[in-house]
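This report refers to the structure that appears directly beneath it.
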Amino acid sequence: MHNADSTSPPATSFTVNVCNSDAPFLEATLRHMIPALNYPFSERLVAYDPGRQEGKYAQRIQGDQDTIEAILQRLLNDKVIDRVDVIPWTDDEQQHILRTYFGSDEIDLKDFSGAPIYQYLYALDRCQGDYVFHADSDMLFHRSGTDAWIAEGIALMQHEPRVIVTCPRAGPPQARNWLEKLTGRSFEPTPREKWRLVDFTSTRYFLMDMAKFRSCLPLAQVKAGEPLENSLTHTFKLRGFEQWNLTTLDHWTIHPWRHDENYVGYLDDLIWAVENGVYPFKRSGHRWDMRTEGEHINEWLAVLRKHGRTLG
């Protein structure tokens, strides 16, 4: 779908996948996410799967459909989102989606760990934009100033024929070695380029050029039952496409490692920290993961208190 007015932004869809286990954090996260992205999406969609989670996802706290539906209705009433699509599990719809994107319906609906394949593709299929921004329902985004990285990402994809996906930086700075841990300072050199090539496309979040994506189809799998992100990464490389990520600290994103009691209990404070660029430089885990389980929450609580945040 194309805009008639060439001066207006390209039609860009926002889509997020939701399931019942998202209930403890969904509303706060979505109310954070849309303003943090600060982009005039042509549509803001939720793809809701009311089924029970499987595999490793079955270990999460299982919410209930009534709670999720009440949350989504409030978000609709407040115009945070525009539409909710309930993911259908009919054989006809499954076969249609798998044939459209893989060229075959002999594809597992979920990967070996229980992560979505069909649900993600169904959500993409419902989008009408020339570009689609997808995020998992637990992603947190930092933005400095009023600029939207999505506008820059679209401009890059329009200028670079081989770039199919763009993303913000994965996580804020983190102490990488003993010297940085000792001094509490980063010695990471300032990147010479604003964007850099990355070698993996995650389904946690991405901004995608849909015309280029359609030109990639059908998607190719290396192994049956592999995660969708593996298939996307493999197919893009096979077709000569690339993902580029921002290198600057104006925009970054972080993902909760666990949706544990600490994370849910301090969620408002943790969202405040991300929005205000507050983070522990010396912290556990990967740069792009927010560790809150057990004693790891103390890394975040200490820096929140240091910045005057009163914790409950």
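Scanning segment 249-264 for residues that are over 18 Å from the mean Cα position of the chain (by Cα) and either in contact (Cβ under 8 Å) with a residue 40 or more places away in the chain or not in a helix (DSSP H, G or I) (or both) gives 260, 264. For residue 240, the test of being part of a loop (DSSP other than H, G, I, E, B) and either acidic (Asp, Glu) or assigned by TED's automatic domain parsing to the domain that holds residue 167 (or both) is passed.
Mind checking whether some residue in segment 129-148 is touching an Asp or Glu at 6+ places or on another chain (Cβ under 8 Å), more than 18 Å from residue 33 (Cβ to Cβ), in contact (Cβ under 8 Å) with a residue 60 or more places away in the chain and of a type outside the set (Val, Ile, Thr)? Yes - at least one qualifying residue is present in segment 129-148.
If the requirement is being touching a Ser or Thr at 6+ places or on another chain (Cβ under 7 Å) and surrounded by fewer than 19 Cβ atoms within 10 Å (Cβ to Cβ), which of these qualifies: 260, 289?
On inspection, the qualifying residue turns out to be 260.
In this entry, residue 232 passes the filter for residues that are within 30 Å of residue 98 (Cα to Cα), modelled with pLDDT of 95 or more, part of a helix (DSSP H, G or I) and aliphatic (A, V, I, L, M).
Answer with yes or no whether residue 99 is more than 30 Å from residue 224 (Cα to Cα), outside any loop (DSSP other than H, G, I, E, B) and not small (Gly, Ala, Ser). No: the conditions fail for residue 99. When residues in segment 126-155 are screened for being under 14 Å from residue 249 (Cα atoms) and touching a Phe, Trp or Tyr at 6+ places or on another chain (Cβ under 6 Å), 2 of them pass. Whether any residue in segment 223-235 is surrounded by fewer than 17 Cβ atoms within 10 Å (Cβ to Cβ) and of a type in the set (Val, Ile, Thr) is what I want to check. Looking through segment 223-235, none of the residues is surrounded by fewer than 17 Cβ atoms within 10 Å (Cβ to Cβ) and of a type in the set (Val, Ile, Thr). If I go through segment 58-116 residue by residue, how many of them are closer than 18 Å to residue 17 by Cβ, in contact with a Leu (Cβ under 8 Å, 6 or more places away or on another chain) and of a type in the set (Ser, Thr, Tyr)? Here the count works out to 2. Among the charged types (D, E, K, R), modelled with pLDDT of 95 or more and closer than 28 Å to residue 155 by Cβ: does that describe residue 125? It is true that residue 125 is among the charged types (D, E, K, R), modelled with pLDDT of 95 or more and closer than 28 Å to residue 155 by Cβ. Checking each residue in segment 156-197 for being crowded, with 17+ Cβ neighbours inside 10 Å, of a type outside the set (A, V, I, L, M) and farther than 28 Å from residue 240 by Cβ picks out 171, 172, 174, 180.
Looking only at residues of segment 196-210 that are assigned to a strand (DSSP E or B) and of a type in the set (Phe, Trp, Tyr), we find that the one that is farthest from residue 167 (Cα to Cα) is 205. Within segment 70-87, the residues that satisfy the criterion of being in a loop (DSSP other than H, G, I, E, B) and surrounded by 14 or more Cβ atoms within 10 Å (Cβ to Cβ) are 80, 81, 82, 87.
The values are calculated or read from the model by the stated rules, or taken from the named source; none is laboratory data. As the structure is a prediction and not an experimental result, all values here were calculated from the model. Positions of Cβ are backbone-derived with ideal geometry, glycine not excepted, and every protein chain shown enters the neighbour counts.
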